[in-house]
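What follows is calculated from the coordinates using simple rules that are stated; it is not laboratory data. Note that this is a predicted model, so its numbers are computed, not measured. Cβ: placed from backbone, ideal geometry, glycine included. Neighbour counts: every protein chain shown.
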Amino acid sequence: MSQPIRTYTRIQNQDQTQYPPERVSVNPARFEDEVGLYPITPLAGVKQACEAARQAFPSWRKVPAPLRGNLIYNLGQLVSANKTVLASWLTREVGKPYSEALGSVQEVIDTCQFFVSEGRRLYGQTVPSEMADKRLFTYRRPVGVCGIITAGNFPIAVPAWYVVPALLCGNTVVWKPSEDAPVLSYLFCQLVEKAGFPPGVFNMVLGDGATTGAALVSMVSAGLVDKIGFTGSTAVGQRIGRVAGENLQVPCLELGGKNPLVVTERANLELAVEGALWSAFGTAGQRCTSLGVLIVQERIYEEFIARLLERTAAMVIGDPTDPSITYGPLISKRFLDNLLAFQKNQIQAHHQVLTPTIGQITRENPWPNFVGDPAAGYFAHPVLVGGARREDVLYQEETFGPLVAAVSYGELEEALDWANGHGYGLSSAIYTQDPAEAFYFQENIQAGMVSINNTTSGAEAHMPFGGNGRSGNGSRQSGVWVLDQFTRWQGVNWDFSNQLQRAQIDTIYSPGDLDYRVPGW
Ligand code: UN1
């Protein structure tokens, strides 16, 4: 075990040592392993970071986009060259199984690769004018200073979804990463700087949402931040939306999910069991795309649940560095406490716990296939609950942990009712071999993302990522779609006729002599 890393607020590519690291980031699978020490950046530090970003913006936006892309290229290469080191830190700091951690780092590389060449596109349009000797053009212009606030479950992949396109488009950034991953964030920050981004273009403040995060959001009203990008809970997203709305801004919000997975009679059951297992318990259910409600056709319900329980019982849980595990610890104590409280309050008398038990995995409440010492970390039992009703919080609210509600349905319409009824709309899945069912589902689900014969999680880095309803405000990340978050369209008209040409007034709409009037009308 190496010494804890001391992390700092980084402004202008420098450690701000006036904010000394005072809090400890611990390994959630081994409490005695102190991963790092980090500061809570106070309001003054957040303001300083935003001012630095504001100052850097005018010259950064003038750097030609292909050259900004070259720095994104450097970042991708740096992340790639340090992939295994970053993945190890990721596993150590947030407890993600190592193979998944590698995938998570790969998502950063994929994002860089996509946006490198976007620097050579960032296409605008040439548009015909209704008048002679006049040309119309559209350009993408950067928004300004972007405040990015992200979560601990994908501590660098999801930030890269914001930061990489934001920088490529000519914006400057103040990033508030998750307080659960300050060390990994600090390492990522150093790679961004090593890639060659000028001082002030990328800055990082540290601390939790209620303090540092709220301070960053308050910079919107102070006129120092032009755009907030936020991944986290629906409740916090609503608060950010209110502040942004008052300031006539549109935030990029990626919020919670209660993602449905429907299994029809025409599904390949074995595949569906495997998909449900991974959607439910992969990453210990801590993806915003994790399974929330399992919706199974009533004639196959019993058999499906029995097979799923069999596979669940065979899962290995525990030490995230062990390749045999399906999932490791929860990200931090906060996540475990929230999950336990949810189980205690929301699993009620009319529910049936179908898995052996609920709660934390401990020596007294063990999981049979456990690797490591359960008392050394924040481990939770996998839980599948039957008998959910529409009005239950168990069905209505995101859980964020290895807890899934299972229900049965008769007609596909009823399955869709369950799938949409809670008002979230992030991701969704259907298992069926029948194209008609698949089409019906994809057309009628309100989710922003739909999987057919694949899991609710695992979106690729160049597809639109985002949700509707309680899952977000319709903003999309990734691929070309995110460009609309970090640029604003500018329309330009250029008249070289040397005379005043008034649109709609001097336009000759009908140069021909055709008389459209109908005789006798
Ligand atoms: C998240 O949990 O916030 O689609 C993002 C997935 C991952 C990203 C999840 N690629 O599951």
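Our summary gives the chain a relative contact order of 18 percent, counting only alpha carbon pairs under 8 angstrom and 6 or more residues apart. Rounded to the nearest 20 debye, the dipole size of the chain about its Cα centre is 1840 debye, using +1 on the Cβ of Lys and Arg and -1 on the Cβ of Asp and Glu.
Taking other residues whose beta carbon is less than 10 angstrom from the beta carbon of residue 186, and scoring Lys, Arg as +1 and Asp, Glu as -1, yields +1. Calculate how steeply helix 43-62 sits against the longest principal axis of the alpha-carbon atoms of the chain, using the helix alpha-carbon long axis, and give the answer as 0 to 90 degrees to the nearest 10. Roughly 40 degrees between the two axes.
What FRET efficiency comes out for the pair residue 298/residue 489, r = Cβ-Cβ distance, R0 = 45 Å, nearest 0.05? Write out the running numbers ahead of the final one.
Values: r = 50 Å, r/R0 = 1.11.
It comes to 0.35.
For a straight C-alpha distance cut-off of 20 angstrom, the aspartates and glutamates reachable from residue 194 (same-chain residues fewer than eight places away being disregarded) are 15, 107, 110. With a Förster radius of 30 Å applied to the C-beta separation of residue 481 and residue 507, the computed FRET efficiency comes to 0.30.
Listed values for the stretch 251-267 are Karplus-derived 3J(HN,Hα) couplings in whole Hz (6.51 cos²θ - 1.76 cosθ + 1.60, θ = phi - 60°), namely x, 9, 10, 10, 10, x, x, 9, 5, x, 10, 9, 10, 9, 4, 9, 7, and x replaces Gly and Pro.
Compared with the dominant principal axis of the Cα atoms in the chain, helix 65-81 is inclined by about 20°.
For the chain, rounded, prolate or oblate, judged on the Cα gyration tensor with a ≥ b ≥ c (square roots of eigenvalues), a/c < 1.5 rounded, else prolate if a/b > b/c? Verdict is oblate for the chain.
Multiplying the residue separation of residue 135 and residue 517 by 0.36 nm and subtracting their alpha-carbon distance yields 134.3 nm.
Shown is the FRET efficiency for residue 391 and residue 99, computed with R0 = 45 Å from the Cβ-Cβ distance and rounded to the nearest 0.05: 0.70. Between the amide H of residue 149 and those of 176, 229, 230, 231, distances stay under 5 Å, these residues lying 5 or more places away or on another chain, with hydrogens modeled in the peptide plane. Figure legend: label point modelled 7 angstrom from the Cα of residue 15 along Cα→Cβ; residues of the stretch 27-51 with amide N under 14 Å from it are 36-39.
Quick one: if you stick a label point 7 Å off each Cα along the C-beta vector at residue 496 and residue 365, how many nm between them? Reported label-point gap for residue 496 and residue 365 is 7.5 nm.
Exposure proxy for 333, 344: other Cβ atoms within 10 Å of each Cβ, ordered fewest to most, give 344, 333. Between the amide H of residue 173 and those of 146, 202, 203, distances stay under 5 Å, these residues lying 5 or more places away or on another chain, with hydrogens modeled in the peptide plane. Here the residues 381, 350, 462, 422, ranked from fewest to most Cβ neighbours within 10 Å of their Cβ, fall in the order 350, 462, 422, 381. Each helix, a run of at least 4 DSSP H residues, gives -39500 (n - 2.57); summed and divided by the residues of the chain, these come to -11000 deg cm²/dmol at 222 nm. Relative contact order of the stretch 259-464, taken over Cα pairs closer than 8 Å and 6 or more residues apart, is 31 percent. Across the stretch 209-310, Cα-Cα distances exceeding 23 Å account for 47% of all pairs. Each residue in 148, 445, 505 was given a count of other beta-carbon atoms within 10 angstrom of its own, and listing them fewest first yields 505, 445, 148. The long axis of helix 98-118 is offset from the longest Cα principal axis of the chain by roughly 10 degrees.
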